[in-house]
Protein chains: 2
Amino acid sequence: MGGLLSCGFLTYGRENGVSMAQVVEQVVRRGRKFDQVLAGARTIFLRDGFDGASVDDIARQAGVSKATLYAYFPDKQLLFKEICSQECLRQTQEVEAEIDPAMTVEAMLMLAGVRIAGFLMSDFGQNACRLVIGEGARFPELARDFYRNGPALVHDRLAHHLHHLAQNGQLQIDDLDLAADQFIQLCKASILEKLVFRMDHHLREDRVRQSVQGAVEMFMARYGVQRG
Amino acid sequence: MGGLLSCGFLTYGRENGVSMAQVVEQVVRRGRKFDQVLAGARTIFLRDGFDGASVDDIARQAGVSKATLYAYFPDKQLLFKEICSQECLRQTQEVEAEIDPAMTVEAMLMLAGVRIAGFLMSDFGQNACRLVIGEGARFPELARDFYRNGPALVHDRLAHHLHHLAQNGQLQIDDLDLAADQFIQLCKASILEKLVFRMDHHLREDRVRQSVQGAVEMFMARYGVQRG
DNA sequence: ATAATAATGAACTAAGCAGTTCATTTTTCG
DNA sequence: CGAAAAATGAACTGCTTAGTTCATTATTAT
């Protein structure tokens with residue numbers, strides 16, 4: 001327990017595309033229950049956290065014998081890290097759809113905001129956040145990976161878009177990083193803490209939209225060029 | 001495990017003031033190691049979380065025998081809840097200093113913002129947040145108490161101040177709750193996720209001030225009355 | 001068909017941890 | 001001092017859980 005896997009992701013015997021499978025047929029696919037194991041582990045880990053989840057529970061959920069599970073993953077920590085890595089990738093894809101450059105600034109912000117808030121609202125988003133935050137002490141490098149492949153990535157893309165808009169003269173921004181952070185945080189207003197601390201498990205749809213709408217208005221009031 | 005202590009705090013045999021002690025001398029103070037137990041438990045729980053902390057570790061840290069510990073607290077959960085309750089109160093006190101009504105709007109916002117950000121920056125604030133979020137699944141009512149006595153309380157006081165400022169004509173706000181949430185979130189911009197996900201354990205002081213400064217500017221751009 | 005590979009399940013080890021017990025020692029206080 | 005209250009520590013119970021083993025069964029490919 002220590003330096004292994006300190007960065008990067010595991011790719012543990014699952015071809016993650018068609019091209020890979022074509023190049024090396026049947027290399028590491030050691031069994032057919034691999035996906036079941038991952039699916040079961042994801043369910044249980046997201047529900048119970050690392051300590052709360054027992055390997056027996058995971059095996060049962062996966063519909064797989066414990067021996068099979070251990071045939072794929074030598075220990076519980078590696079399985080946990082693999083799940084977290086997968087969730088990072090999924091989170092990235094969640095925000096991956098391209099932004100149309102022909103949009104107005106408001107429309108672009110609105111779209112980005114709805115996606116950011118939507119992720120937080122999803123069961124998966126909530127559980128993943130809680131999991132990574134809670135287990136961050138035991139797995140610091142994992143929390144960092146999650147951050148880099150999730151929040152940080154969203155931040156960078158947003159800052160990139162803002163940069164272009166500022167160059168076009170549609171926005172007036174001096175500190176791009178700060179502006180991007182501000183917008184992201186504003187989208188979470190009214191919803192973040194209530195979710196994290198389990199106040200309202202499912203906030204009303206209109207409250208979320210209201211939050212994003214408010215974020216856009218505020219952002220434009222500060223950085224918009226039209227004045228009076 | 002269930003309904004007990006579903007709301008409210010434990011007051012487990014420690015006079016929490018002088019008046020109490022004067023009224024009932026020597027009621028529940030069954031021993032002199034009470035404070036040591038609490039101190040040790042706080043250290044270990046904040047460091048390791050609920051599952052990660054073993055009762056033996058706590059006793060050792062407290063400089064107290066396990067038997068003594070169990071003489072005060074019948075089980076681990078009750079001790080944990082007591083610690084969390086204490087941390088809630090402490091968090092409340094953290095933001096308790098009164099606001100001078102003669103201040104300018106900007107100065108008031110700056111003060112409030114620095115306090116909010118300061119709490120997040122503190123080791124205690126970070127650990128407490130992680131603890132409550134991570135253990136929220138096991139102790140949902142505890143996460144709610146923490147939220148009510150912390151973030152929600154800050155929100156309410158801020159909204160109250162904003163209400164007065166709006167009545168005085170110094171601000172133009174239609175949705176007070178939203179405005180309060182927005183300001184609070186803005187203060188966390190640039191620092192929250194980096195802390196929660198353990199990117200930079202100690203951000204530079206100036207970056208925090210910059211964040212709060214940016215929050216005030218943005219807030220005034222949106223809700224200030226001076227226009228052009 | 002048959003041989004190789006994958007999966008099973010059930011029993012097992014070893015360790016850690018919550019909570020208990022109690023004979024002995026220390027502290028407090030009249 | 002001397003008695004009552006508090007603290008000790010070390011051993012012990014009972015339970016949970018990570019990880020192993022292996023003889024048996026199912027699946028796959030040639």
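The values are calculated or read from the model by the stated rules, or taken from the named source; none is laboratory data. These numbers were taken from a predicted model, which means no experiment stands behind them. As a convention, Cβ positions derive from the backbone with ideal geometry for all residues, glycine included, and neighbour counts pool all protein chains shown. Side chains included, ligands, DNA and RNA excluded: accessible areas come from the protein's heavy atoms. Shrake-Rupley method; radii C 1.70, N 1.55, O 1.52, S 1.80 Å.
Observations
- Per the listing A:F34, A:F45, the residue uniquely of a type in the set (F, W, Y), surrounded by 15 or more Cβ atoms within 10 Å (Cβ to Cβ), within 16 Å of DNA strand D (Cβ to nearest atom) and without any contact (Cβ under 8 Å) to a residue 40 or more places away in the chain is A:F34.
- Some residue of region B:69-84 being within 16 Å of DNA strand D (Cβ to nearest atom), small (G, A, S) and at pLDDT 80 or above: yes
- Members of region A:73-92 found to be within 16 Å of DNA strand C (Cβ to nearest atom) and open to solvent by 20 Å² or more (accessible area, probe 1.4 Å), listed by number: A:P74, A:D75, A:K76, A:Q77
- Looking only at region A:134-181, and only at residues there that are aromatic (F, W, Y) and within 15 Å of the chain's Cα centre (by Cα), the one that is nearest to the other protein chains (Cβ to nearest Cβ): A:Y147
- Within region A:49-59, restricting attention to residues that are more than 14 Å from A:C84 (Cβ to Cβ) and at the interface with another protein chain (Cβ under 10 Å from one of its Cβ atoms), the residue that is least open to solvent (accessible area, probe 1.4 Å) is A:G52.
- Flag if B:M218 is within 10 Å of chain A (Cβ to nearest Cβ) and more than 23 Å from the chain's Cα centre (by Cα): yes
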